[in-house]
Every structure is written in C-alpha cells, then in structure tokens.
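Here is the structure we will look at, set down as structure tokens.
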Amino acid sequence: MRKEALKEWTWPTLADRLNHRHASHFYGVWPSDEVDPDNTPQLAKAVRLANRKRGQQKSSGFGLAHCALAGARLKDNFRVNFELKQLLEQGYYGPVLTSSHNPYTGFMPDQQGSVLTLLMEMLVYSRPGVIELLPALPYTLEKGNIKGILARTFAKVDEMSWDMKAKTINMTVTSLKNQDISLIVRYGIESITVSNGASETLLKKDADRCVLHLTKDKRATVKIKFGDHEPSDWIIKVATD
C-alpha cells in the first residue's frame, strides 16, 4: 500500500500509473469477491482510496466502467455517479446503445454490457447467502424501480422499488430453494414486514441487516422503512478501528 491506498505494482521501484486505463489491482473487488467492506475492511478501504485517486483512464470506456463497478462494490456512490454520467452523457453509447472505446468513435464491444451491469450492482448486490439493496445508489436517483435481477444466491429479485424521500424500499423475491439469507440495507432498517412464504429476524432496531427466511418457489414480498445512515459509513468504522 502507498499512503493507505492499494499500490498498483508489487515491485517496489514501479510507480503507480494513476491515469492509465487499466486497473487490474482492483480485480479482488470486481469482478472477484475476495475484497469487500464486510470481510476485508482494511483492504477494501485501501482499494477505495486507490479508486478515488484513479484518473480518467485516457477516456477509455472500459477503464471508466471498471472504476465504477469497483466503486459499486465498495459502496462509493460518488464514484459510481461520476463515472456513470460520463458513460451515458459523453458519447460512449450510440443511438442504438452500441458502445465505443472512446467518446464518439466507432463501435467496440469492450464495455458493451458495463452500464447494465453497473445499474444492477449499484441497486442489488449479491453473493452466496447475501442480498444487499441500494449499496451504491447515486444521490440523483431519488426514486425508481428495477425488475428481474438474478441474485447469486439461488434467488431472483422479481421487482424492487425505492423512494429516498419516503425512505422506503419494496421488493418481491423468489428463492429457488429453502434458504436463509442475510438481507442488508446499510441505511439502517427501521422496520421491515414480509409476507407470502417468508419471515424475517431483525437482530436489533436500526441494524443494517436481518435474516430473511425464504421458501422455495414462493414469491415473498418485503417492505422496508430505512434510516439515516449512509452505505459508505463502513469506512468511518475502519478509520477508528
């Protein structure tokens, strides 16, 4: 690490190339799940700082996308918003949603699916045994909904809607097996109700997660009232540990 940020190269005499389009040292965060705020918080903090230091990748679309996807995994909605606006507004996608390597150039598929992946990752993160809602939602998206996200825990989020002013999340989810999952909302869960073949165990008031008990092939309805925390608050705890 260098100044608490993850160093790009392990060889001591090689300096970081902060404006390069590649960010291979973020691989442990995305697409891998080796580094995350819950299980490896110190390392996750180091990658988050390295991601914040990263430059514009010579305007490479896939470079911007990799930084955004790493940001989503690290609950950094500022970085997600910054990169997403560039990808959508500065010529990286044509009229029929084909992508380009650099703004307003010819078609190149390097980051063709990046924005769709980013939308899913910033709204619903999952890994075996875990579903997290709104992990890296940009502040500008105060209200919305999404349908049909396959979670990486044998479940499908059929639909999810959110309203940041009302502080509510409504979700329907169908599990492909009987299972208990950890449902995470880092804003803090003030209250939660579930129905249709599901139940929950909220560990304590204002906790940021609960255990959701799902029944195979039954579409469960989940309604959440959330609190005033921020998904990025985990980094404050790391700083004081």
Problem set entry | Gyration tensor verdict on region 143-241 (Cα atoms; rounded if a/c is under 1.5, prolate if a/b is larger than b/c, oblate otherwise) | prolate
Exercise. On average, how much area does the Cα convex hull of the chain cover when viewed from any direction, in nm²?
Worked result: 13.8 nm²
For this session: Can you tell me the relative contact order of region 24-119? Whole percent, Cα pairs under 8 Å, sequence separation 6 or more.
Result: 22 percent
Problem set entry | Candidate aspartates and glutamates for bridging to K85, where Cα separation is under 15 Å - those fewer than 8 sequence places away on the same chain excluded | D76
For this session: Could you pull out every one of the aspartates and glutamates with an alpha carbon less than 18 Å from that of K156, ignoring same-chain neighbours closer than 8 positions?
Result: E121, E132, D180, E200, D217
Seminar exercise, completed: For region 128-240 the mean separation of alpha carbon contacts under 8 Å (6+ apart) over residue count, i.e. relative contact order in percent, is 26 percent
Problem set entry | Dipole magnitude of the chain about its Cα centre (Cβ charges: Lys, Arg +1; Asp, Glu -1), debye to nearest 20 | 160 debye
Seminar exercise, completed: Here region 17-34 yields Karplus 3J(HN,Hα) values (6.51, -1.76, 1.60; θ = phi - 60°; whole Hz; Gly and Pro given as x) of 10, 5, 9, 7, 6, 8, 9, 5, 6, 8, 4, x, 8, 9, x, 6, 10, 6
Seminar exercise, completed: With T40 itself left out, Lys, Arg at +1 and Asp, Glu at -1 over residues whose Cβ is under 12 Å from its Cβ give -1
Problem set entry | Among 213-226, 95-108, the order from most to least packed when residues are scored by Cβ within 10 Å on average | 213-226, 95-108
Exercise. For region 24-119, max minus min Cα coordinate along each principal axis, in Å, sorted largest first?
Worked result: 41, 21, 21
Problem set entry | Sequence-separation-based contact order of the chain, relative, with Cα cut under 8 Å and 6+ spacing, percent | 13 percent
Exercise. Do the alpha carbons of any pairs in K45/K237; K53/K75; K143/K218 sit beyond 21 Å of each other, and which pairs?
Worked result: K143/K218
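Each reported figure results from applying straightforward, stated rules to the coordinates on display, with no laboratory input. All values derive from a computational prediction rather than experimental measurement. In this analysis, Cβ positions are derived from the backbone assuming ideal geometry, glycine residues included, and neighbour counts consider all displayed protein chains.
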